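Engineer: Dropping the structure in here first, questions after.
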Amino acid sequence: MEKHILQEYMAHLYRLGVEFVGSTYVGRDITIDELFEGGYHAVFLGHGASLGNQLDVPGADLPGVIMATEFLVRGNLQPELLPEWMREPLPKSERVLVIGGGDTSMDCVRTAVRLGAREVTCAYRRTEAEQKGREEERVHAREEGVRFEYLAAPLRTEAGPDGRVARVHFARMALGEPDESGRRRPVPTGEEFAVEADTVVIAIGYGGDEEVVRMIEGKDVNRSLVTVSPETFETARPGVFAGGDCVKGADLVVTALADGRRAAESIHHYLERLPKKRSSAITGLRTAR
Ligand SMILES: Cc1cc2nc3c(=O)[nH]c(=O)nc-3n(C[C@H](O)[C@H](O)[C@H](O)COP(=O)(O)OP(=O)(O)OC[C@H]3O[C@@H](n4cnc5c(N)ncnc54)[C@H](O)[C@@H]3O)c2cc1C
C-alpha cells in the first residue's frame, strides 16, 4: 500500500483524538496492569503474529542468514524510515535462497529479484500441491525467473572462507501420509543435496508473542495466541479485548480489520456498562495527557 494512504488515515485518527505512543513494547516497557492503573478502562490487544519462526538447524545464525521481515523492510524502505539497527543497506547478493513456501516467501523472492540477485531459489519441504500461498504469486515469481526447489528440508548452513553463509544442505523429502492439516507429510528419502547462496532468507511462518499471552492468562501458559470469546472479543481478563493475527495466527489484513471493528463495538458496550464515575475518569485522563 502506498505510504501516503496510511499517513492520511493516521492524520484522520489524530484529528479524532487518538494518541499514538511509539517505541513501547507492551509486556516489557509497560504491562496491562500498569495501563489499568494509569486510568485506562479497556485494553485492545492487536499485536499481531509478527515473530518470525526461527530455522532450527546448525549455522542458522551465520552472517547472511536473515529473517523474512527484516529482509523485506530493509529491501523496500528508505533507511531513515527504519529503526537504527536496521539502517545498514542489505549487502548486494548474487544468489538468494528463500526457505519457506507461503506468500511471505513469494514476497521475498520477488524482492530479491528487484534487488538485483542473479539467481533466486525458493526451497519448500513439500510440493506445489501442498503450498499454502496463492498460486498467482508463484506464477509471477516464475515469470520473474525464480527457481523452485520442492521436497527440500534444510539440514544445515555452511560458511564460505569469508565467514558468511555460502550454501545450505538439504534433505530430499518424499510425501508420506497426511498430517493433522490434511496435507501429506514430508518424509526424508535419505538423499542430500546443497544449494549455493550468499543470502538465505527464512520465511517459515510467524507466531504470536507468548509474553503478552502470559500477562493475561498467567505465568505458566505456553501459548502464543490470545484466546477470546468469538462474540465479544473479550479475553479471560475483564476489560482486555483482542483481535487480528494475535488471536487467529498469521492471517489477512481484511480479517484483522473486521475483528477490530467488531471488538470496538464490544468495547463500547463494555464501557457503557461501567459505573458513571469510572467513565468520567477517561475524560480526565485524556485531558491530563
Ligand atoms: C511479509 C508479509 C506479507 C503479507 N502480505 C499480505 C497481503 O498481501 N495481504 C493480506 O491481507 N495480508 C498480508 N499479510 C498479513 C497481514 O499483514 C496481517 O494479517 C495483518 O497485518 C494482521 O493485522 P494485525 O493488526 O492483527 O497485526 P499487525 O498488522 O501485525 O500489527 C501488529 C502491530 O503490533 C506491534 N506489536 C507487536 N507486539 C507488540 C507489543 N508487545 N507491544 C507493542 N506493540 C507490539 C507490531 O510491531 C505491529 O506494528 C502479510 C504478512 C506478512 C508478514
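The values are calculated or read from the model by the stated rules, or taken from the named source; none is laboratory data. Note that the structure is a prediction, hence the values are computed from the model and not measured. So basically every Cβ, Gly included, is an ideal-geometry build from the backbone, and we count neighbours across all protein chains shown. Please note that ligands, DNA and RNA were not included when accessible areas were found on the heavy atoms of the full protein model with its side chains. Shrake-Rupley method; radii C 1.70, N 1.55, O 1.52, S 1.80 Å.
Engineer: Work out the charge dipole of the chain with +1 on the Cβ of Lys and Arg and -1 on the Cβ of Asp and Glu about the Cα centre, then indicate which of V247, L115, H41 is farthest towards its positive end.
Structural biologist: Result: H41.
Engineer: Across all directions of projection, what mean area in square nanometres is found for the Cα convex hull of the stretch 120-225?
Structural biologist: 9.9
Engineer: Okay, next question. Among 243-250, 120-127, 49-56, how do they line up from the highest to the lowest mean number of other beta-carbon atoms within 10 Å?
Structural biologist: 120-127, 243-250, 49-56
Engineer: May I ask you to list the GluC sites (Glu not before Pro) in the stretch 1-57 that are in a DSSP loop and have at most 14 other Cβ atoms within 10 Å of their Cβ?
Structural biologist: Of the GluC sites (Glu not before Pro), the ones in loops of the stretch 1-57 whose Cβ has at most 14 other Cβ atoms within 10 Å are E2, E19.
Engineer: Between the helical axis of 276-288 and the dominant principal axis of the chain, each derived from Cα atoms, what acute angle in degrees is found, rounded to the nearest 10?
Structural biologist: Its long axis makes an angle of about 70 degrees.
Engineer: Taking the alpha-carbon distance from K276 and a cut-off under 20 Å, which aspartates and glutamates remain once sequence neighbours fewer than 8 residues away in the same chain are dropped?
Structural biologist: Straight-line reach from K276, under 20 Å: E37, E265.
Engineer: Name the trypsin sites (Lys or Arg not before Pro) in the stretch 162-232 that are in a loop by DSSP and that have at most 11 other C-beta atoms within 10 Å, would you?
Structural biologist: Of the trypsin sites (Lys or Arg not before Pro), the ones in loops of the stretch 162-232 whose Cβ has at most 11 other Cβ atoms within 10 Å are K219.
Engineer: Which angle between 0 and 90 degrees, to the nearest 10, do you get for helix 103-114 versus the longest principal axis of the chain when only C-alpha atoms count?
Structural biologist: For 103-114 against the chain, the angle is about 60 degrees.
Engineer: Tell me the GluC sites (Glu not before Pro) within the stretch 67-166 that lie in a loop according to DSSP and have at most 14 other beta-carbon atoms within 10 Å.
Structural biologist: Those satisfying the criteria are E94, E144.
Engineer: At a temperature of 37 °C and a viscosity of 0.692 mPa s, determine how fast the chain diffuses translationally according to Stokes-Einstein, using the Kirkwood radius over alpha-carbon pairs as Rh; express D in µm²/s, rounded to the nearest whole number.
Structural biologist: Rounded to a whole number, D works out at 151 µm²/s.
Engineer: Report the far tail of the P(r) of the stretch 54-204, meaning the percent of Cα-Cα pairs longer than 29 Å.
Structural biologist: 15
Engineer: Report the antiparallel proportion of the DSSP beta bridges in the chain as a percent, rounded to a multiple of 5.
Structural biologist: 50
Engineer: So which lysines can K132 reach, going by Cα to Cα under 27 Å and dropping same-chain residues fewer than 8 places off?
Structural biologist: Cross-link targets: K248.
Engineer: Moving to a separate point now. Mind pulling the angle between the C-alpha long axis of helix 3-16 and the longest principal axis of the chain? Nearest 10 degrees, somewhere in 0 to 90.
Structural biologist: That works out to roughly 10 degrees.
Engineer: Determine the share of the chain's accessible area contributed by carbon and sulfur atoms, expressed in whole percent, with a 1.4 angstrom probe.
Structural biologist: Answer for the chain is 54 percent, counting heavy atoms of protein chains only.
Engineer: OK, next. What distance in nm separates the two pseudo spin-label positions at T255 and H269, each 7 Å out from Cα along the beta-carbon direction?
Structural biologist: Using points 7 Å along Cα→Cβ, the separation is 2.3 nm.
Engineer: Here is a further query. Based solely on its DSSP helices, what 222 nm [θ] is calculated for the chain when runs of n ≥ 4 H residues each add -39,500 (n - 2.57) and the sum is averaged over all residues, nearest 500 deg cm²/dmol?
Structural biologist: -10000 deg cm²/dmol
Engineer: For the chain, what is the charge dipole size about the Cα centre, in debye to the nearest 20, if Lys and Arg each add +1 at the Cβ and Asp and Glu each add -1 at the Cβ?
Structural biologist: 580
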